[in-house]
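Taking it in order: structure first as structure tokens, then the write-up.
The values are calculated or read from the model by the stated rules, or taken from the named source; none is laboratory data. On a predicted model such as this, the values are computed, not experimentally measured, just so you know. With ideal geometry, Cβ positions are generated from the backbone for all residues, glycine too; neighbour counts draw on all protein chains shown. Note: accessible area is taken over every heavy atom of the protein model, side chains too, but ligands, DNA and RNA are not part of it. Shrake-Rupley method; radii C 1.70, N 1.55, O 1.52, S 1.80 Å.
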Amino acid sequence: MYIFGYGSLINEASRQLTGETGNAIPAIVSGLERHWGKTGSPVMSHLVVREGAGLCNGVLIHVNDDLLEVFDIREAGYQRVKLDAEKIKILDETIQLDGPVFVYVTDDVVSPCHVQPIAQSYVDTVLAGCLRYSAEFAQSFIQSTHGWDYPRMNDRDKPVYQRVAGVRKEDRARIDQFLHCIPPCFD
């Protein structure tokens, strides 16, 4: 089976903090809208998707049945639903899926605020993961994500996101270039 990762699960190093998975396959799923939103964390907002009219890029992660419960714990606050195979476009046409695909969704999007802002450490983790595929993959992520105009804190020196992983110094410089049109962080 597969999980469609549309946020921190795009980043292999962050994914491995939860459990060993198979290869990640870049894909685009139609019928999902990705937003910045509150998920229950008292200090920051995360990425959420809800069913809708959008397109969402991410990765299909192959997981064994015994790991599904571990990912359900990681994704607490979301509902796991099965994706319709017709809505999945795998970016490498030579790859064929051999099982169902699940995604973690929410029904309601609650906007970030100054108490629970978008954390730059989380942004860095996700975009560093996107950059492992391509700059275009990272740009597509930015363009297809709603809510960049909500408060974003600069927590790079003291990350509030507990799964920061796989972010290199050169990634941060590229991420800053990608985000030059986005409202700046607050300290």
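Structure above, values below:
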| quantity | calculated |
| --- | --- |
| Top-ranked residue of segment 4-24 - restricted to ones that are touching a helix residue (DSSP H, G or I) at 6+ places or on another chain (Cβ under 6 Å) and of a type in the set (A, V, I, L, M), ranked as surrounded by the most Cβ atoms within 10 Å (Cβ to Cβ) | 10 |
| Given (1) more than 13 Å from residue 103 (Cα to Cα); (2) assigned to a strand (DSSP E or B); (3) among the hydrophobic types (A, V, I, L, M, F, W, C), index of the condition residue 3 fails | (1) |
| Leading residue by the ranking (farthest from the chain's Cα centre (by Cα)) among those in segment 32-70 that are modelled with pLDDT of 95 or more and of a type in the set (D, E, K, R) | 33 |
| Tabulated pairs, segment 129-149, first closer than 24 Å to residue 169 by Cβ, second assigned to a loop (DSSP other than H, G, I, E, B) and of a type in the set (S, T, N, Q), C-beta under 8 angstrom, 6+ apart or interchain | 129/11; 132/11 |
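Residues checked against (1) at negative phi; (2) open to solvent by less than 50 Å² (accessible area, probe 1.4 Å); (3) outside any loop (DSSP other than H, G, I, E, B):
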site: 70; (1), (2), (3): yes, no, yes
site: 81; (1), (2), (3): yes, yes, yes
site: 86; (1), (2), (3): yes, no, yes
site: 96; (1), (2), (3): yes, no, no
site: 103; (1), (2), (3): yes, yes, yes
site: 112; (1), (2), (3): yes, yes, no
